[in-house]
Amino acid sequence: MSPLELVRVQWDVPEPATGRLARTGSRAAGVGLATLTTAIRLKRLRGASIRDGARERAIVLRDVSRRMLELHGIELDAHGPLPLGPAILAANHVSWLDPLVVASLLPCVPISKADVAGWPVVGTIARELGVVFITRGDTNSGMRVLRQTRVAFGHGLPVLNFAEGTTTRGHTVLPFRKGLFGLARSAGVPIVPIALAYDPPELAWVGNDAFLPHWLQLAGARRARAFVRLGVPILPGAHGSALELARASRAEVVRLLRGDP
């Protein structure tokens, strides 16, 4: 089934409000405990070597991502080859859940918008987990991200990039920004196209959507489903420029979303 042609599953049949409230409260408590456990694991890593610490932080991120999906009843439907070693994971961007979904599959270094760094608790832990923050339109920030991405490659880690630069409702894929695709060419690392979709579609988090109401809706739901399709790695040398590579990667994400052979 194509992720863009989902037959919506009605997870939430009518139930008393007390059921949703109890589920939300239980999940909020679980999130708090998972956050505390993660902070403790990160504290133990502060004395590790730079290389070992980078790998271990990515593993902690993988583990906490899996726990967060489990806590919220999100079933993962994933297909396609997982990359080994340095790569750019080029995914479409639908929701704040996207980094958790991809990071639950393999240790990686996500790139996130700088706003997240200012979120209470989440921003601090995300930074310690190795998340790289970018301010769109800021040249200095872009250069810093390129340097940090090279460092991640040096540690043998793939970097997760949402090349659209913003989220959508999932009905289309915006043009991919070419920045990291130029780095892929110079560093000689492959691009792994990744298509993401959700059921119910309301898990999309776009524009000025407030985070708390969106999370409360998810936390009260019985279950949800995340679809992940990973394509065959694209070798950067097969394309003559960063722009061509970005376009080819986007085309493959669109193909994966449509379920084309």
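Filtering the range 204-211 for residues that are of a type in the set (Phe, Trp, Tyr), surrounded by 16 or more Cβ atoms within 10 Å (Cβ to Cβ), modelled with pLDDT under 90 and within 26 Å of Glu252 (Cα to Cα) leaves a non-empty set. Scanning for something at pLDDT 95 or above and either part of a loop (DSSP other than H, G, I, E, B) or out of contact with any Leu (no Cβ under 9 Å at 6 or more places or on another chain) (or both), does the range 41-57 turn up at least one residue? No, that holds for no residue. Within the range 168-186, the presence of at least one residue that is more than 13 Å from the chain's Cα centre (by Cα), surrounded by 17 or more Cβ atoms within 10 Å (Cβ to Cβ), assigned to a helix (DSSP H, G or I) and among the basic types (Lys, Arg) is confirmed.
Reported count of residues in the range 212-252, each being part of a loop (DSSP other than H, G, I, E, B), modelled with pLDDT under 95, buried (at least 16 other Cβ atoms within 10 Å of the Cβ) and in contact with an Asp or Glu (Cβ under 8 Å, 6 or more places away or on another chain), is 1. Ala48 fulfils the conditions (1) closer than 17 Å to Arg127 by Cβ; (2) surrounded by 19 or more Cβ atoms within 10 Å (Cβ to Cβ); (3) of a type outside the set (Asp, Glu) except for a single criterion, (2).
Quick one: would you say Leu21 is closer than 26 Å to Val228 by Cα, part of a helix (DSSP H, G or I) and touching a Gly at 6+ places or on another chain (Cβ under 8 Å)? No: the conditions fail for Leu21. All of Ala126, Ala117 fail the test of being closer than 15 Å to Arg57 by Cα, modelled with pLDDT under 95 and either small (Gly, Ala, Ser) or surrounded by 18 or more Cβ atoms within 10 Å (Cβ to Cβ) (or both), apart from Ala126.
The values are calculated or read from the model by the stated rules, or taken from the named source; none is laboratory data. All figures in this text were calculated on a predicted structure; none of them were measured in a lab. All Cβ positions, glycine included, derive from the backbone under ideal geometry; neighbour counts span all protein chains shown.
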